[in-house]
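J.: I'd like to ask some things about the structure below.
The values are calculated or read from the model by the stated rules, or taken from the named source; none is laboratory data. Remember, it's a predicted structure, so these values are computed and weren't measured experimentally. Cβ placement follows ideal geometry from the backbone for every residue including glycine, while neighbour counts extend to all protein chains displayed. Accessible surface is based on the protein model in full, side chains and every heavy atom, while ligands, DNA and RNA are left aside. Shrake-Rupley method; radii C 1.70, N 1.55, O 1.52, S 1.80 Å.
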Amino acid sequence: SLLVLWYFGLPAVGLTGAGNMQLAEVTRTLEREADHRRTLINMAISERRGDILVIAENRVMSQQLLDKDPKLAQDFGRVADRLQRAYPDRYLDLVVIDPASGLVRSSTRVEAIGKPFWGAGLLARARLPGIKELVEQVDSPQGTTVAIVRQMFAPGKDGYPERKLVGILVALLSPQLLFPDALEYTSTLSAETGTTTLFDATGKPLSQ
């Protein structure tokens, strides 16, 4: 009886049980972890958006897209390779798409070049006027990924992008890559180690 009273307490007289106290402490710890992870995700995506912006406003590649220059694949390959060497394992794929035909002009996956882009819905949204950038969770050939999409415009006389849309740049990131360390949580109740799972808005597991 004393053990039951200690664990469950007696709410009628305001006596909180040890079980509820520990559960409340664990809940507070999880909330702090969630806040911390949300901050890390925002920072990681912000950094990657900067990378994509630099590539999307590359004057040479924008001009090659405008001129239908076949050298685009080679130059884009060098830029993408440099980016992946600077940030290993950050990107699953980098793709440049022709907005008119929907064909892949260049990609880190060579076998995709010249073929229709797999995400027709994503491409349709990315082509809309005024949609310079999109950040979405998508189901790609590489599985569930985070996509950063950026419009590419033809360069003007001063070298800065003008209004003519010449390409769509898509970068695919694995949700796992947004977490440099494992989502592990050590219980305050014992020395055992548990795991934390990240779900999307529909309840689909993204990372563990």
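J.: Considering every residue within the range 33-46, establish whether at least one is among the small types (Gly, Ala, Ser), assigned to a helix (DSSP H, G or I), over 26 Å from Ala171 (Cα atoms) and open to solvent by 50 Å² or more (accessible area, probe 1.4 Å).
T.: no
J.: Which condition number does Asp89 fail, the rest of (1) under 22 Å from Leu206 (Cβ atoms); (2) open to solvent by 20 Å² or more (accessible area, probe 1.4 Å); (3) modelled with pLDDT of 90 or more being met?
T.: In the conditions (1) under 22 Å from Leu206 (Cβ atoms); (2) open to solvent by 20 Å² or more (accessible area, probe 1.4 Å); (3) modelled with pLDDT of 90 or more, Asp89 misses (3) alone.
J.: Taking only pairs six or more apart or across chains, which ones have beta-carbon atoms under 6 Å, a first residue in the range 37-62 that is over 12 Å from Val135 (Cβ atoms) and modelled with pLDDT under 90, and a second residue that is open to solvent by 60 Å² or more (accessible area, probe 1.4 Å) and outside any helix (DSSP H, G or I)?
T.: That search, which allows pairs on different chains as well, returns nothing.
J.: Could I ask something else about it? For the range 61-97, which residues satisfy the criterion of being within 18 Å of the chain's Cα centre (by Cα) and among the basic types (Lys, Arg)?
T.: Matches in the range 61-97: Arg90 only.
J.: So if I check each of Asp81, Asp89, Asp67, which one is farther than 14 Å from Val166 by Cβ and free of Cβ contacts under 8 Å to residues at least 40 places away in the same chain?
T.: Asp81
J.: Based on this model, can you work out whether Val138 counts as touching a strand residue (DSSP E or B) at 6+ places or on another chain (Cβ under 7 Å), over 17 Å from Ile97 (Cα atoms) and either open to solvent by 60 Å² or more (accessible area, probe 1.4 Å) or at pLDDT 90 or above (or both)?
T.: No, not satisfied.
J.: A further question on this structure: What residue, among those in the range 52-75 that are in a loop (DSSP other than H, G, I, E, B) and open to solvent by less than 50 Å² (accessible area, probe 1.4 Å), is nearest to Pro155 (Cα to Cα)?
T.: So, considering only residues that are in a loop (DSSP other than H, G, I, E, B) and open to solvent by less than 50 Å² (accessible area, probe 1.4 Å), the one nearest to Pro155 (Cα to Cα) is Asn58.
J.: Do we have any residue at all in the range 101-114 that's outside any helix (DSSP H, G or I), open to solvent by less than 70 Å² (accessible area, probe 1.4 Å), farther than 23 Å from Lys164 by Cα and not aliphatic (A, V, I, L, M)?
T.: Checked against the condition, which is being outside any helix (DSSP H, G or I), open to solvent by less than 70 Å² (accessible area, probe 1.4 Å), farther than 23 Å from Lys164 by Cα and not aliphatic (A, V, I, L, M), the range 101-114 yields at least one hit.
J.: For Leu30, indicate whether it is loosely packed, with under 14 Cβ neighbours inside 10 Å and without any contact (Cβ under 8 Å) to a residue 24 or more places away in the chain.
T.: So Leu30 does not fit the description; no.
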